[in-house]
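Data first, discussion second: the structure below is written as structure tokens.
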Amino acid sequence: MQKQNNIFLEYFRFSSLKYLTASLLPALIGTTLPFWLNPPNFEFKILEAILFLIGTLFGHLGFSFLYSGFTQKHSPKLKNKSLFINGIFSIIIFILIGLFLNSSLQLHPKVPEYIFTIYGITAIFVGVLYVVPPFSFHQRLYGEVVISVGLGMLPVLGAYLVQVGDITRTVYLASLPVVVSTGLWIWITELINKEDDKKKGHKTTVMYFNYKFSSRIITLFLSLLIYGSLLLAVFGRSSLNPLSLIASFSLIFALMIIQIIWKDYENIWVLKNAERYAFLIHLSICVVIILASLSSIFIM
């Protein structure tokens, strides 16, 4: 029994479940966004919404297992082969759910019939680009951009497409605060892991700048960009319900991050507090946007 528990914990560690909100919450945003944007002939599709969330879960698990398989050289309780098998199995389920959703998709007139196929191929390509050698963008310049778009934008677009049968520029704009808040979370994580990544031969974007510059200036820039993109999404094309501005309370966490990086940017243990604050910013923005979109039901 103890051995089974240990193996389960190993799977949990390699599945990146602690980062699951980074993909599931954006999918929920895309699912609820139509209630605010109210596109023509919109009717909520609960089965498709559930299936898309399940597909997102398996996509997340699949590429997380593959990532662990390619990067984890030694695991006393779990062999890399098991990680690859679980990763491929999860991605197959992800593809099968995608094929089912594609077969039942009701598109708007003049929308290309192959749009969801292109979306699915793009989602898989981004995962491969970030995880699989020889691409392995998790250890390269601009890998942060790849994963931020993959986690922050693609689930929003896909979930909206499933519900509405179309994607507009308004939806891209609505996803920007999520993309940038994901980027801040990833950036601080890479600041923490810089020395370990350096020993592994990685060349992440963090390493292309002076560590002080990476810690202070870019973190400050990303923090400001989050709230700038939130304002743009609300006032630019009314992509988000104005109630989404309630998420501005998370600026408290951003100020805490800035305080940490200005005083203790070289202290890894203190930076872990900044990482938690970055997670809270991402969580706050996503949850508020979801609730703000759902509130449109009662306003209407």
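The listed residues are VAL156, VAL206, VAL164, VAL178, and the only one of them that is surrounded by 17 or more Cβ atoms within 10 Å (Cβ to Cβ) and touching a Cys at 6+ places or on another chain (Cβ under 7 Å) turns out to be VAL178.
Residue count for the range 131-174 under the criterion of being of a type in the set (Ser, Thr, Tyr) and closer than 28 Å to MET207 by Cβ: the result is 3. Among the residues of the range 233-267, the ones that are assigned to a loop (DSSP other than H, G, I, E, B) and modelled with pLDDT of 95 or more come to 3 in all. Of the helices (runs of 4 or more DSSP H) lying entirely inside the range 1-73, those containing at least 2 residues that are modelled with pLDDT under 95 and surrounded by fewer than 22 Cβ atoms within 10 Å (Cβ to Cβ) are 2-14, 46-71. Residue check: is LEU96 hydrophobic (A, V, I, L, M, F, W, C), in a helix (DSSP H, G or I), farther than 30 Å from LEU191 by Cβ and out of contact with any helix residue (DSSP H, G or I) (no Cβ under 8 Å at 6 or more places or on another chain)? It is true that LEU96 is hydrophobic (A, V, I, L, M, F, W, C), in a helix (DSSP H, G or I), farther than 30 Å from LEU191 by Cβ and out of contact with any helix residue (DSSP H, G or I) (no Cβ under 8 Å at 6 or more places or on another chain). When each of SER215, SER238 is tested for being surrounded by 15 or more Cβ atoms within 10 Å (Cβ to Cβ) and in the same structural domain as VAL178 (by TED's automatic domain parsing), the lone residue that passes is SER215. Within the range 39-48, is even one residue within 19 Å of HIS282 (Cβ to Cβ) and among the aromatic types (Phe, Trp, Tyr)? No, the range 39-48 contains no residue that is within 19 Å of HIS282 (Cβ to Cβ) and among the aromatic types (Phe, Trp, Tyr).
The criterion of at least 3 residues that are modelled with pLDDT of 95 or more is met by the following helices (runs of 4 or more DSSP H) wholly inside the range 122-220: 143-152, 154-164, 169-192.
The values are calculated or read from the model by the stated rules, or taken from the named source; none is laboratory data. This structure is a prediction, so every number in the text was calculated from the model and none was measured. All Cβ positions, glycine included, derive from the backbone under ideal geometry; neighbour counts span all protein chains shown.
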